[in-house]
Amino acid sequence: MKQNGVAVWFTGFSGAGKSTIADALTEKLKSEGYQLEVLDGDEIRENLTKDLGFSKEDRDTNIRRIGFVAKLLARNGVIVLVPVISPYRAIREEMRGNIDNFVEVFVNAPLSVCEERDVKGLYKKVRAGEIKQFTGIDDPYEPPTNPEVECRTDLEELSESVDKICNKLKDLNYIYIS
């Protein structure tokens, strides 16, 4: 199957559901025969950007590195799912400008809901003073102004979020599934 490469860039708070949606979307697309890669923010931090901290400059460098890899994969026909917080609007717009096929997905859940979920126990550590420069608490998050897709994970089921993204990818001629 010939497929069009695209970088699907998921942005949102920690705990909003970026990786959960990316994992479900991966399953659905792979079951349809699509080739894809997931550039998970946690895995990238562990393997590609260990040398970076969490200052604005380091976060931007992190996103640029991820964006470079996403660009290479997408231009070679791979569907690339990029679930990363990427808190700053300007760097996301820079990635949009650098990657020919770019779809932004705003994984939107209120901070209070993300903190309740606290999947990784990070919010608890932030509140205990163990983590500094945490997005949404003591570091800013700038939501997208015009994402191609918005998934309200506090209001919709996982399958609804996945369907929204698939429908947008179909509308943009990146995938061809029923």
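Remarks
- Among (1) at pLDDT 95 or above; (2) in contact with a strand residue (DSSP E or B) (Cβ under 6 Å, 6 or more places away or on another chain), the one test that residue 174 misses: (1)
Quick grid of which residues meet (1) closer than 21 Å to residue 35 by Cβ; (2) touching a helix residue (DSSP H, G or I) at 6+ places or on another chain (Cβ under 6 Å); (3) touching a residue at least 60 places away in the same chain (Cβ under 8 Å); (4) not polar (S, T, N, Q):
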position: 89; (1), (2), (3), (4): no, no, no, yes
position: 110; (1), (2), (3), (4): no, no, no, yes
position: 116; (1), (2), (3), (4): no, no, no, yes
position: 131; (1), (2), (3), (4): no, yes, no, yes
position: 167; (1), (2), (3), (4): yes, no, no, no
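- Qualifying residue in the range 120-137 (condition: among the aromatic types (Phe, Trp, Tyr), open to solvent by less than 80 Å² (accessible area, probe 1.4 Å) and more than 24 Å from residue 26 (Cα to Cα)): yes
- As a summary of the residue check, residue 47 satisfies the conditions (1) under 17 Å from residue 142 (Cβ atoms); (2) polar (S, T, N, Q); (3) without any contact (Cβ under 8 Å) to a residue 60 or more places away in the chain except for the one numbered (1).
- The residues of the range 96-114 that are of a type outside the set (Gly, Ala, Ser) and over 12 Å from the mean Cα position of the chain (by Cα), listed by number, are 96, 98, 99, 100, 101, 110, 111, 113, 114.
- Considering 18, 28, the condition of being under 26 Å from residue 158 (Cβ atoms), more than 16 Å from the chain's Cα centre (by Cα) and either open to solvent by 10 Å² or more (accessible area, probe 1.4 Å) or small (Gly, Ala, Ser) (or both) is satisfied by 28 alone.
- Residue that is modelled with the lowest pLDDT [pool: residues in the range 32-57 that are aliphatic (A, V, I, L, M), open to solvent by less than 40 Å² (accessible area, probe 1.4 Å) and under 15 Å from the mean Cα position of the chain (by Cα)]: 44
- Subset of the range 106-164 (residues that are hydroxyl-bearing (Ser, Thr, Tyr), in contact with a strand residue (DSSP E or B) (Cβ under 8 Å, 6 or more places away or on another chain) and within 30 Å of residue 176 (Cβ to Cβ)): 153, 161
- Of all residues making up the range 138-165, the number that are within 21 Å of residue 55 (Cα to Cα) and touching a residue at least 24 places away in the same chain (Cβ under 8 Å): 6
- For residue 173, the conditions (1) within 18 Å of the chain's Cα centre (by Cα); (2) under 29 Å from residue 73 (Cβ atoms); (3) of a type outside the set (Ser, Thr, Tyr) all hold with the exception of (1).
- Screening residue 4 on (1) under 26 Å from residue 131 (Cα atoms); (2) assigned to a loop (DSSP other than H, G, I, E, B); (3) among the polar types (S, T, N, Q); (4) open to solvent by 10 Å² or more (accessible area, probe 1.4 Å) shows it passes everything except condition (1).
- Just one of the listed residues (108, 101) is closer than 19 Å to residue 71 by Cα, at pLDDT 95 or above and surrounded by 15 or more Cβ atoms within 10 Å (Cβ to Cβ), and it is 101.
- Inter-residue pairs, beta-carbon under 9 Å, first open to solvent by 30 Å² or more (accessible area, probe 1.4 Å) and in the range 58-85, second aromatic (Phe, Trp, Tyr) and modelled with pLDDT under 95, 6+ apart: 85/13; 85/141
The values are calculated or read from the model by the stated rules, or taken from the named source; none is laboratory data. Fair warning: this is a prediction, and the values are worked out from it, not measured in the lab. When we count neighbours, we look across all protein chains shown, and the Cβ atoms used for this are built from the backbone with ideal geometry, even at glycine. Remember, those area values only see protein heavy atoms, side chains included, never the ligands or the DNA or RNA. Shrake-Rupley method; radii C 1.70, N 1.55, O 1.52, S 1.80 Å.
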